[in-house]
Structures are given as C-alpha cells and as structure tokens.
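To start, the structure itself, in structure tokens.
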Amino acid sequence: MVYHFWHEQPLEQMVLAEIHQKKNFWTINQPSKPSWGIRSIFRSRDLAKPHICYLVGNEADIDFWNQPWHPRGVLSSLIPRHNTVSSLSSLTSLDQIHLDGPWNPTLNIGSLAREKAILSEVLFNDTASNLPIWKPNSNGLFTAKSGWEVTRQKFVKPGWASRIWFSCHIPRHALVSWKALKNGLSTTDNLPFLDPSVNRSCILCNFGLESVTHLFFQCNYSKWIWNIILGKLGHRRNPNPDLLQEELWLANNFKGAGQTSKLAYIAFEAAIYIIWIERNNRVFHKISLPNSTLLSEILILVRSKVLGMKIEEEDNPSNRAIASNFGCTLSPKFRPPEFCSWLKPVQGTYKINSDASLDAEG
Ligand SMILES: [Zn+2]
C-alpha cells in the first residue's frame with residue numbers, strides 16, 4: 001500500500017474523491033464509517049508518515065504545518081503553532097519559506113532557538129519542485145523491502161523458539177509444540193466466538209476447561225503420559241502447571257547438543273503432538289484412544305527418530321539408562337588418546353613390580 005502512495009498519486013485522488021474532500025491526502029481525517037479498503041489506506045498512510053520528508057522546492061502543494069515534509073516529522077507536532085511568532089504561525093504552504101534563495105527574506109523568527117534549530121534542518125531542492133524522500137533508504141527512494149522492514153511489527157524472538165526448532169526436530173511435532181507454547185492452538189478458550197452452547201470441557205478427561213495449560217500437562221489423561229516419559233528421562237516429578245515453565249525446566253535439565261538432550265526434546269514435542277492429535281480426533285472424528293496407546297506411539301516415534309541419528313553422548317550410567325529406557329543404544333563420544341612421556345629414574349632408584357620382581361632398569 002505504501003508503494004502506491006509513493007508511485008501512484010491517483011490512489012490519493014481516489015481516496016479524496018471517495019470521501020468527497022478537496023483537502024490534502026496527508027492531513028484529512030479518516031471518515032467515521034470507512035470501507036475496509038479506505039480503512040487500510042488510512043492505516044498505511046499513518047504507518048508511512050514518519051518515514052517521509054521532502055526536498056523543498058517552490059511548489060505550493062505542501063501544507064507547512066500538517067504534512068510530513070520536515071526530516072523530524074510533522075511540524076505542528078514539533079512547534080506549538082499558536083505559541084510561536086506570527087510570521088511563522090501564519091505560514092500555510094511550504095513554498096512560502098523558499099521564495100528567493102533558501103529562505104524567504106520576510107520570514108523573521110527573531111531569536112527563537114528551537115524554531116531556528118528545527119528550520120535549519122530543512123532540506124532544499126535546487127530544482128523547482130518538491131521531491132519526496134523515503135528516509136529508511138539511503139538513496140531516498142522507496143522500495144518494497146525497506147517499506148516492509150520499517151512498517152512490519154517486530155517481536156522479540158523467545159528463547160524457547162530455537163530450542164523447539166532444534167537440529168533434529170520432527171517438523172510437524174515442532175510446529176504444534178511452537179503453537180502450543182505461543183498459546184496459539186485452537187483450544188476452546190482461544191475461540192471467543194464459539195457458540196456458548198458448545199461444551200468447553202476438556203474432551204480428554206471431561207474435567208476442567210480446555211486450554212493449552214490444561215492439555216499440557218494439567219489434564220490427568222496427558223499428565224500420566226508425560227510423567228512416564230519424565231521417569232524414562234530419569235526424573236520423578238510432577239510437571240509444572242504452565243507449559244512454558246515445563247519447557248524451561250527441560251532446557252535447564254537437558255543442556256548441550258548431545259544425544260540425551262535431543263532425545264528429551266524429541267519426546268517432549270512428540271507428546272504434545274500426539275496428545276493434540278488425539279484431542280482433534282475426539283472432537284472431529286469421535287474416535288478416542290486410551291492414554292497407554294498414545295504413550296506407546298510416542299515411544300515408537302522417539303525410538304525410530306533417535307536410532308536414525310548419529311549423535312554422540314558422554315558415556316555414563318545416567319545417559320546409558322536414558323537411552324536404554326527408550327529402546328536406544330548410546331552413541332559414546334570418541335575420546336582421543338592422551339599421550340604422556342616417561343622419564344628414566346635416577347641411578348639407584350628401585351621399582352617393585354606387582355610380582356615383586358626387580359625391573360631390569362631399576
Ligand atoms: Zn483434561
């Protein structure tokens with residue numbers, strides 16, 4: 001949409017015609033009951049406004065106070081118009097400051113330091129016309145890429161995102177887990193327009209309202225599955241009541257890039273995926289399975305994935321037990337041999353060997 005503002009003035013004309021106003025496109029107010037298209041255009045205009053300024057020429061088509069021509073933004077938001085000198089407050093169009101040379105000689109703003117500083121930043125155009133500048137681009141021209149970069153909503157990537165999309169993830173499992181951690185699954189508590197008569201209880205346990213927090217893993221049906229998996233990972237504990245906290249616990253207890261941490265995350269994501277599929281099967285297909293069947297399915301998935309990986313792990317009893325609990329074998333880390341040197345003892349030193357014999361060199 002911003003592209004059209006930049007390249008196609010007819011769009012501005014269309015909007016002005018649509019709302020029957022002969023004012024400047026950048027200063028008109030949005031109509032009270034706009035169509036979807038008009039509303040989108042106004043939203044894009046407001047997004048683009050802070051990123052535009054002008055090389056000032058002698059054309060009279062720019063509103064001095066209300067258009068985004070100054071590098072700092074709309075002038076009325078920088079200088080209180082009614083509190084400044086009359087020679088400045090009475091200006092209406094931008095060409096009035098640029099009649100003969102860079103400044104209108106009749107424009108006297110006295111000793112107003114703030115106004116002088118702001119006006120000293122005006123960019124003048126040597127040619128006669130006003131030239132728009134797209135500030136985010138160093139050459140002043142609008143591009144779709146720069147427009148997208150400055151107008152898109154930027155979110156801080158959560159720490160768990162890279163852990164969910166780890167190097168050995170199963171794509172569909174990671175996707176559902178990512179949505180669950182973002183609370184983006186279509187559980188009944190996330191559907192505000194759902195028919196009030198629809199039953200909002202958890203369909204797995206028929207107890208408690210369905211939500212991501214409940215399904216993973218407050219629900220007795222799913223908690224039983226996750227508790228057994230935790231046991232196979234070497235931990236006897238109740239899961240955290242919040243899925244984000246549970247993932248954080250997993251991250252703190254299964255660090256590193258070894259086989260065990262990969263296995264733990266594969267099991268975590270497989271559990272979320274399989275439980276979510278079971279929930280959907282019950283809702284949409286009226287098919288239900290006992291949680292023991294789901295557990296078996298998760299263990300098979302984890303085992304087949306881990307057996308296909310060639311990731312090493314430190315060889316210790318704990319890691320060996322975890323691999324064994326999932327029907328896998330540990331891929332021990334290769335330890336390079338450590339070289340050492342030997343110094344011949346001084347003359348007269350004796351060494352007693354285990355068979356009590358004397359060394360020939362001793
Ligand atoms: Zn439940």
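The set of residues in the range 141-158 that are small (Gly, Ala, Ser) and without any contact (Cβ under 8 Å) to a residue 40 or more places away in the chain contains only Ser146.
Determine whether the range 145-164 contains at least one residue that is under 27 Å from Ser292 (Cα atoms) and more than 16 Å from the ligand (Cβ to nearest atom). Yes, some residue in the range 145-164 is under 27 Å from Ser292 (Cα atoms) and more than 16 Å from the ligand (Cβ to nearest atom). Please verify whether Ile322 is under 34 Å from the mean Cα position of the chain (by Cα) and either modelled with pLDDT under 95 or of a type in the set (A, V, I, L, M) (or both), treating the condition exactly as stated. Criteria met by Ile322.
Please tell me if Pro290 is more than 25 Å from the chain's Cα centre (by Cα) and more than 12 Å from the ligand (Cβ to nearest atom). Spelling it out, Pro290 is indeed more than 25 Å from the chain's Cα centre (by Cα) and more than 12 Å from the ligand (Cβ to nearest atom).
Can you name the residue in the range 172-188 that is over 17 Å from the mean Cα position of the chain (by Cα) and assigned to a helix (DSSP H, G or I) and, of all such residues, is nearest to Gly159 (Cα to Cα)? Taking the candidates together, the pick is His173. In the range 331-348, what residues are in a loop (DSSP other than H, G, I, E, B) and either basic (Lys, Arg) or surrounded by 10 or more Cβ atoms within 10 Å (Cβ to Cβ) (or both)? Answer for the range 331-348, where residues must be in a loop (DSSP other than H, G, I, E, B) and either basic (Lys, Arg) or surrounded by 10 or more Cβ atoms within 10 Å (Cβ to Cβ) (or both): Ser331, Lys333, Arg335, Lys344, Pro345.
Based on this model, can you work out whether Trp6 counts as at pLDDT 70 or above and hydrophobic (A, V, I, L, M, F, W, C)? The answer is no for Trp6.
Applying the criterion of being in contact with a Lys or Arg (Cβ under 7 Å, 6 or more places away or on another chain) and either among the aromatic types (Phe, Trp, Tyr) or more than 16 Å from Leu243 (Cα to Cα) (or both) to the residues of the range 167-208, the residue that is nearest to the ligand (Cβ to nearest atom) is Leu204. Name every residue in the range 218-241 that is assigned to a loop (DSSP other than H, G, I, E, B), within 16 Å of the ligand (Cβ to nearest atom) and surrounded by 15 or more Cβ atoms within 10 Å (Cβ to Cβ), in order of residue number. Those that are assigned to a loop (DSSP other than H, G, I, E, B), within 16 Å of the ligand (Cβ to nearest atom) and surrounded by 15 or more Cβ atoms within 10 Å (Cβ to Cβ): Cys219, Pro239.
Considering the conditions (1) closer than 18 Å to Asn325 by Cβ; (2) of a type outside the set (D, E, K, R); (3) part of a helix (DSSP H, G or I), Ile277 is excluded by exactly one of them, (1). Within the range 77-92, residues that are in the same structural domain as Gln67 (by TED's automatic domain parsing) reach partners that are of a type in the set (Ser, Thr, Tyr) and part of a helix (DSSP H, G or I) with beta carbons closer than 8 Å, at six or more positions or on different chains, in the pairs Arg81/Ser89; His82/Ser89. From the list Arg45, Arg39, the lone residue that is under 34 Å from the mean Cα position of the chain (by Cα), assigned by TED's automatic domain parsing to the domain that holds Leu119, surrounded by 14 or more Cβ atoms within 10 Å (Cβ to Cβ) and at pLDDT 70 or above is Arg45.
Just to check your reading of the model, which residue among Asn125, Asn139, Asn130 is away from the ligand (no atom under 16 Å from the Cβ), loosely packed, with under 14 Cβ neighbours inside 10 Å, more than 21 Å from the chain's Cα centre (by Cα) and assigned by TED's automatic domain parsing to the domain that holds Leu78? Residue meeting the stated conditions: Asn139.
Selection of first residues in the range 203-229 that are closer than 17 Å to Leu289 by Cα and in contact (Cβ under 8 Å) with a residue 60 or more places away in the chain and of second residues that are near the ligand (Cβ under 7 Å from one of its atoms) and assigned to a loop (DSSP other than H, G, I, E, B), restricted to Cβ pairs under 6 Å at least 6 apart or on distinct chains, gives the following pairs, ordered by first then second residue: Leu204/Cys219; Tyr221/Leu204; Tyr221/Cys205.
The values are calculated or read from the model by the stated rules, or taken from the named source; none is laboratory data. In this text the structure is predicted, and so the values were computed from the model without any measurement. Positions of Cβ are generated from backbone atoms using ideal geometry, with glycine treated the same way; all protein chains shown enter the neighbour counts.
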